[in-house]
Amino acid sequence: MAETVITQGCSAVVIGGSAGSLDVLLEIFPKLDKNLPFPIIIVIHRKPGGESLLTDLLQNRTQLNVMEAEEKQPIKAGYVYIAPADYHLLIEENQSFSLDYSEKINYSRPSIDVTFQSAADVYKDSLYCILLSGSNADGLDGMRTVKRFKGKLVIQNPDTAIMPFMPQQVKSNLKADYILNAWEMASFINNLCKV
Amino acid sequence: MFNETIDNEQIQIILNDILEVYGYDFLEYSHASIKRRITRLFSLDKFVSFAEFRYTIKNDKQYFKRFLEEITVNVTEMFRDPSFYRALRNDVLPTLGTYPFIRIWVAGCSTGEEAFSLAIVLKELNLLHKSLIYATDINPAVLEKAKKGLFSLNHLKQYSENYLQAEGTNDFSNYYIANYSLAKFDQALTSKMIFSTHNLVSDHSFNEFQLIMCRNVLIYFDKDLQHKVFNLFDNSIEKLGYLALGSKESLDFWPKIKDYKRVKTEKIWRKL
Ligand SMILES: C[S@@+](CC[C@H](N)C(=O)[O-])C[C@H]1O[C@@H](n2cnc3c(N)ncnc32)[C@H](O)[C@@H]1O
C-alpha cells in the first residue's frame, strides 16, 4: 500500500525501532536511492558497546553516507545518522544534533520518543516518522507529538512485524498515515519529495 | 505531554528571569535539551499556565531549588565507560604518579560517583595519599549527596561489572558497607576530596591542576560556551597536565587544540 502520490514535502525521515527492527533496516538500505534530498535519522534500542557495528552494517548496504550522530553536528540531506548508544538524541532549531545523558525513557536511552518529539518541534509538518518492530512502549508518545505538529506517521504493518507491539500501539491509539510492510518501505522513502 | 505548552519565546523569558533573579546563566545551553527539561518539569509539576509557572520560578526560592535540580541533568555512574578508566589507570595516572603531589579537578561531578571511581583507581595505584580531588558542580544539592558517599545498592551490581572491566585489582565490595538499600563508601576515599560549588559559566579558574575531568557536561553547552569553558580549563591545567572529556565530547574545533596532544583513542588530551 505504498503511496506513489505524495503531496507534502519531506525535510527529514526519523526511523525508530526496537526488537526485530534490524532486519527491516537491512531490507530497506540496499534499495534506497543514493541521492535522497533529506536526511535519515535512526534511533534503535541497543546495548552500549559495539559502537560502530550498526553503522558498519548499514554502510555496507548503501551508497548514502552512514555515521553515528555527533553533538553539534549539522544535519545534512543525503546522510544517514544513527543515535549513539546510551545518549538521547535531540535536534536543534538550527538543524544540528545535541546529545543528552538524562534519565532513560521507557527503559531506553536513546529513546525514540525523545527524538521524535524533538524532531517534530523542528521539522513540524514536513517530518516523516517511521516506527518499526518492537516490544517496548517507546515511540507512541513521540508519534503523538509528531501528529500534533502535522508530521506524518508511518508504521510497520504489525501483522508482518517480528514484534508487533510497538507499531500496534500507534495503530490502536493514533491514526497512522501509512501502514507499510518492510519490503515496501524503501520505495516509499525514495518517493518522498523535498520540501 | 512534553513540548505541549511552552514555546521557544517563553523558554527565553524563563531563562532571562533566572539570570536576573538568581544569577544563573543558562542562555548559552543547548536549546533543545534545556527546552525539553523545562517542558518536562512544567508537565511533571502540573502547572496550568505559563504565567503561573513563571511566577513560581521567580518568586518561590524553594521551588527554584527543585527547578535547578531538575534542569541540570544529574544522571551519573561509577566507572562509566570502563575503557576510559583503563586509560586513566594505565596511561595517565602513572605519569602523574612521578609528581610529589597530584591535584585533580572533577568539574560537573554530580552526586560524586565519578570522583569515587577516580579515588579508587588512585588508591589501587598507591597514589591516593598524595592526591587531592576537587569535585565541583553548579548544583549544591548534588554536592550534599556526594559528600555522604552513599549510593543506592540497586546500582552496585552494574558498578562492580564496570569496575572489573576497568581492570580494578581489588574486590569491589571491599570499598563499601551495605546498609539496607544503601552502600556506604570508605571514608578513606572521601578524605582526599574537597566538594564545592563552581559554575563553569560564570566562575573563574581557582587553582592549577595536573588533571581535569569534565565529562558529559559540555554536551549541554552550545559551541561558544564550550570554547569558553575550554579556555577556563586551559588556564587551570599545568603544562603536561591532562584534560579528560566525556566519550561523545571533543576538543576538535577549539582553536587552541594545537597545544594539546590526544592520548590514544580515549577523549583525553595532554597539554604540551
Ligand atoms: C550528566 S551529569 C555528568 C556527571 C558526571 N560527570 C558523569 O559523566 O557521569 C552533568 C552535571 O553537570 C552539572 N552542570 C551543569 N551545568 C553546569 C555548570 N554551568 N557548571 C558546573 N556544573 C554544571 C550538572 O549539575 C550535573 O551534575
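In region B:28-132, which helices (runs of 4 or more DSSP H) lie fully inside it and hold 2 or more residues that are of a type in the set (Val, Ile, Thr), farther than 21 Å from B:LEU243 by Cα and more than 14 Å from every other protein chain (Cβ to nearest Cβ)?
B:50-59
Have a look at B:LEU245, B:LEU232 and point out the one that is within 15 Å of the ligand (Cβ to nearest atom), within 18 Å of B:ASP137 (Cβ to Cβ), surrounded by fewer than 21 Cβ atoms within 10 Å (Cβ to Cβ) and of a type outside the set (Ser, Thr, Tyr).
Within the list B:LEU245, B:LEU232, the selection yields B:LEU232.
Pick from B:HIS204, B:HIS198: which is in contact with a strand residue (DSSP E or B) (Cβ under 6 Å, 6 or more places away or on another chain) and within 20 Å of B:PRO140 (Cα to Cα)?
Of the residues listed, the single one that is in contact with a strand residue (DSSP E or B) (Cβ under 6 Å, 6 or more places away or on another chain) and within 20 Å of B:PRO140 (Cα to Cα) is B:HIS198.
What number of residues within region B:133-155 satisfy the criterion of being in a helix (DSSP H, G or I), away from the ligand (no atom under 16 Å from the Cβ) and away from chain A (no Cβ under 14 Å)?
Counting residues in region B:133-155 that are in a helix (DSSP H, G or I), away from the ligand (no atom under 16 Å from the Cβ) and away from chain A (no Cβ under 14 Å) gives 1.
If I filter region B:57-66 for residues that are basic (Lys, Arg) and more than 26 Å from the chain's Cα centre (by Cα), do I get at least one hit?
Scanning region B:57-66, I find at least one residue that is basic (Lys, Arg) and more than 26 Å from the chain's Cα centre (by Cα), so the answer is yes.
I'm told B:GLN158 meets every condition in (1) within 14 Å of chain A (Cβ to nearest Cβ); (2) crowded, with 16+ Cβ neighbours inside 10 Å; (3) within 16 Å of the ligand (Cβ to nearest atom) except one. Can you identify the failing condition by its number?
(2)
Pairs under 6 Å by beta carbon, first residue farther than 16 Å from B:SER83 by Cβ in region B:154-180, partner aromatic (Phe, Trp, Tyr) and assigned to a helix (DSSP H, G or I), six or more apart or different chains?
B:SER160/B:PHE172; B:PHE172/B:TYR163
Name the one entry in B:LEU251, B:LEU189, B:LEU243 that is part of a helix (DSSP H, G or I) and within 19 Å of the chain's Cα centre (by Cα).
Matching residue, one of B:LEU251, B:LEU189, B:LEU243: B:LEU189.
If you check B:ASN8 against the conditions, is it more than 26 Å from the chain's Cα centre (by Cα), free of Cβ contacts under 8 Å to residues at least 40 places away in the same chain and over 23 Å from B:LEU218 (Cα atoms)?
It is false that B:ASN8 is more than 26 Å from the chain's Cα centre (by Cα), free of Cβ contacts under 8 Å to residues at least 40 places away in the same chain and over 23 Å from B:LEU218 (Cα atoms).
Bear in mind these aren't lab numbers, they're just calculated from the coordinates by the rules spelled out. Only a predicted model underlies this, so the values are computations on that prediction, with no experimental measurement involved. Here the Cβ is made from the backbone with ideal geometry for all residues, glycine too, and neighbour counts use every protein chain on show.
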